[in-house]
Amino acid sequence: MLNWRWLGARALGALITLLGVTVVVFVVLRTIPGDAITASLGIESGTLTPAQRASLEHFYGIDRPWFAQLWAWISGVAHGDLGLSLTNGKSVTSLVASSLPVTVELAVLSALIGTAFGVVLGVLAGSRPGRASDSLTQGASLVGLAIPEFVLGTAVVTILAEAFHYFPDTGTFVPLTRSVSGNMSQILYPSLVLAVAFAANVMRTTRSEYVEMADADYVRTARGKGLSPGRVRRSHILRNATIPIVTLTGIQFGYLLGGTVIIEQIFALPGMGRLLFTAISNRDYPVVQGTVLVIAVLFVLVNLLVDLLYRMIDPRTRAS
Amino acid sequence: MSVLPTVAEPMGSVPAAPGRSSLLARIWRDRNGRIGLTVIVLLAVIAVLGALGVLPHDPIAQHPAARLQGPSSRYWFGTDQFGRDIAARAAVGIWTSLRVAVVSVAAAAVIGSVLGISAGFFGGWVDQIVSRFIDILFAFPAILLALAVVSALGNGWQNTAIAIAVVYTPIFTRVSRGPTLTVGGAEYIKAQRVLGTPLPRILLRHVLPNVSAPIVVQVTLALSWAILTESALSFLGLGTRPPTPSLGLMVSDARNTVATAWWTLTFPALAIVIAVITLNLLGDGLRSALDPRRDSRP
């Protein structure tokens, strides 16, 4: 059922974009004043002898012309080598490999919770437009979108600590595979905070789609045929409203992958956001470069997947 | 979502309604627009008063004797851990936020629209280059791009503004390119070209007014997102530098005091939420004011 030519073209487009992303990340981080040596040694770099400096420059590869450096960076990326951290000497690939699962779990859980609440509330509001339940849900979604997650996160951490004497274990991260309850005690609350805005967005789209679809001619026909309201809602209204909701969920999920910096910071979760933030604070540019690149790659892939899903759900888009 | 830029619903090439009444009057007719307009003027007045320093308390001066005092007739919103007046700090914080938001969104709107209109109007290689470039910028989640730019430039309000402008430029480009494609092929534009009207005049007098509606709506949404981003970056310590008051910094400071002094978190947080809701309502009002199809509806 899929249009392979379309898929090929779209995948090629994504690949070119990713190549562009790699170059942009490289260029932006090379325009920063100061080089890798100053960044890793700080003021001590002033005491280096010319021979030491030259050998360090050679180690970091910055004695070579920029195009050679760009080529080394791109071919390294292609081989899964993102360079070495300036602060602890670990490989950026291994740092990313240990933080990525945390962020992905956080994003997946928030997306699931957010979509479930958003769709239910959206249908509730949309099936009775103009009524009190509609205004209430709409008002709540407006507030949900306007409350910054750092405010909500701060409030949740305070309330948990003060009212319930609950302090999430910030020492070591417990993976889901080791202990479900231990993992949830760390990741459920931050996911709920992230889910608020997610749900608000999904709710608004669901509501407007529902209201629009409920007005459509084919829905009136279905009702006229004597179908039960529940059946009309499920197979005629909701089925068509699914398409924009899936698109929105996918796009939002992509944003979440890069948007967990603050929440990971507040809840002390060792994910990509915290890795990036720490690297920015330490001016550890190889890590900044690697994390930004990995998140951008995931973001492009998620968007590609959303496009693909969209085509599979909506038969009308296949023809073109 | 505080980190999610919202893209205005596409309005195609529908031109702005003919000017029977001024834009302000049409926004005023919409309930949401009316609320948005009123509150944003109020916030702007508070911000200017804060910036001029005519408020009864100094936002930076520390008074150790008056630490963490609750709201009172002397300190309306209470004081923080250094005895500084939260009301005065919130007023200056609103000024800081609005300044970053207005500067960054203005830059993004101008640069983005110029790119988008050029791409849509000239097509060919101009369109190719602009579109590729925009695709690359769109490949970064918004807050990530802002963080990357700030990490390269360092903190301070000007750099925050540049970071937000970089994030929003591609959105303005996309919003203006589409309608320009449609308008550019219209008969009246072809006629102007045949008549030998200078190109800048065609672009400014004939293309721009017809593609401005979606751009204007996007401006208010961008402003609300810019306020959220500015406060988020300041919260992380990558935005406004202390001691300059910033709403994000105030929330960050409140993390240590909120358990015993609720006002340290509540008032700066409320200021952000109100500013964002207001701008969203104003955006709603603008959208109905600029959409000619809404005229026939109740």
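Measuring max minus min along each principal axis, the C-alpha atoms of chain A give extents of 88, 58, 35 Å (largest first).
Based on the reciprocal of the average 1/r between different C-alpha atoms, the Kirkwood radius for region A:100-271 equals 17.5 Å. One chain, two ends: A:ALA68 and A:ASP215. Fully extended at 0.36 nm per residue, the span grows by 46.8 nm beyond their Cα-Cα distance.
Pairs of Cα atoms nearer than 8 Å and 6+ residues apart set the relative contact order; for region A:100-271 it is 40 percent. With a 10 Å cut-off around each Cβ of A:139-147, the average count of Cβ atoms from other chains is 5.
Taking the mean number of other Cβ atoms within 10 Å as a proxy for protection, how do you rank A:185-195, A:300-310 from highest to lowest?
A:185-195, A:300-310
Across chain B, Cα-Cα distances exceeding 23 Å account for 60% of all pairs.
Shielding by partners for peptide B:265-274, expressed as the average number of C-beta atoms from other protein chains within 10 Å of each residue's C-beta, is 3.
May I ask for the net charge around B:VAL258, where only other residues with Cβ less than 13 Å from the Cβ of B:VAL258 are counted and Lys, Arg are +1 while Asp, Glu are -1? Kindly include the intermediate steps, with their values, before the conclusion.
Details: positive: B:ARG255; negative: A:GLU162, B:ASP80, B:ASP253.
With Lys, Arg at +1 and Asp, Glu at -1, the neighbours total -2.
Note that region A:100-271 presents 45 Å² accessible area per residue, ligands and nucleic acids not counted, probe 1.4 Å.
The charge dipole of chain A, taken about the Cα centre with unit charges on the Cβ atoms of Lys, Arg (+1) and Asp, Glu (-1), comes to about 1460 debye, rounded to the nearest 20. In this structure, the amide hydrogen of A:LEU84, modeled 1.01 Å from its nitrogen in the peptide plane, lies closer than 5 angstrom to those of A:VAL92, counting only residues at least 5 positions away or on a different chain.
Net charge in the neighbourhood of B:ALA61 (other residues with Cβ under 15 Å of its Cβ; Lys, Arg +1, Asp, Glu -1) is +1. A protection proxy built from the mean count of other Cβ atoms within 10 Å ranks the segments A:90-96, B:112-118, A:229-235, most packed first, as B:112-118, A:90-96, A:229-235. Between helix A:239-258 and chain A there is an angle of about 20 degrees, using the helix long axis and the longest principal axis of the Cα atoms.
Considering only protein heavy atoms and a 1.4 Å probe, what is the carbon-and-sulfur percentage of the accessible area of chain A?
After summing per-atom areas, the C and S share lands at 66 percent.
Computed from label points 7 Å out along Cα-Cβ, the spacing between A:LEU19 and A:ARG128 is 5.7 nm.
Taken along the Cα-to-beta-carbon direction at a fixed 7 Å, the label points for A:LEU12 and B:ASP58 span 6.7 nm. Neighbours of A:ILE266 by Cβ distance under 11 Å: Lys/Arg scored +1, Asp/Glu scored -1, total 0.
Peptides B:94-104, B:208-218: what's the order by average Cβ count within 10 Å, highest mean first?
Top of the packing list down: B:94-104, B:208-218.
Note on region A:104-193: Kirkwood hydrodynamic radius from all Cα pairs is 15.1 Å, rounded to one decimal.
So how strong a dipole does region B:33-291 carry about its Cα centre when Lys and Arg Cβ are +1 and Asp and Glu Cβ are -1, to the nearest 20 debye?
300
Take the accessible area of chain B alone and of chain A alone, subtract that of the pair, and you get about 3600 Å² summed over both chains, using a 1.4 Å probe.
Taken one residue at a time, the phi angles of region A:8-15 give Karplus couplings (6.51, -1.76, 1.60, θ = phi - 60°) of x, 4, 5, 5, 5, x, 4, 5 Hz. Gly and Pro are set to x.
Within 10 Å of the Cβ of each residue in A:259-268, the mean number of Cβ atoms contributed by other protein chains is 4. As I understand it, the dipole of chain A uses +1 on the Cβ of Lys and Arg and -1 on the Cβ of Asp and Glu, about the Cα centre. Which of A:PHE67, A:HIS236, A:LEU86 lies farthest toward its positive end? Toward the positive end, the furthest listed residue is A:HIS236. Legend: helices of chain B (whole DSSP H runs) are marked when their alpha-carbon atoms reach 18 angstrom or more along the helix axis and their mean Kyte-Doolittle hydropathy is at least 0.5; marked are B:31-52, B:86-122, B:124-138, B:157-184, B:208-235, B:263-290.
Think of chain B as having a plus end and a minus end, set by charges on the Cβ of Lys, Arg, Asp and Glu; of B:ALA66, B:PRO242, B:THR278, B:THR278 sits farthest toward the positive end of this dipole. In this label model, A:THR242 and B:ARG193 are separated by 4.5 nm, measuring between points 7 Å along each Cα→Cβ vector. Here the accessible area is traced with a 1.4 Å probe on the protein chains. For chain B, carbon and sulfur cover 66 percent of it. Just so you know, the Rg over Rh for the protein assembly as shown is 0.98, from Cα atoms, with Rh as the Kirkwood radius.
The values are calculated or read from the model by the stated rules, or taken from the named source; none is laboratory data. Note that this is a predicted model, so its numbers are computed, not measured. All Cβ positions, glycine included, derive from the backbone under ideal geometry; neighbour counts span all protein chains shown. Accessible surface areas use protein heavy atoms only, side chains included; no ligands, DNA or RNA. Shrake-Rupley method; radii C 1.70, N 1.55, O 1.52, S 1.80 Å.
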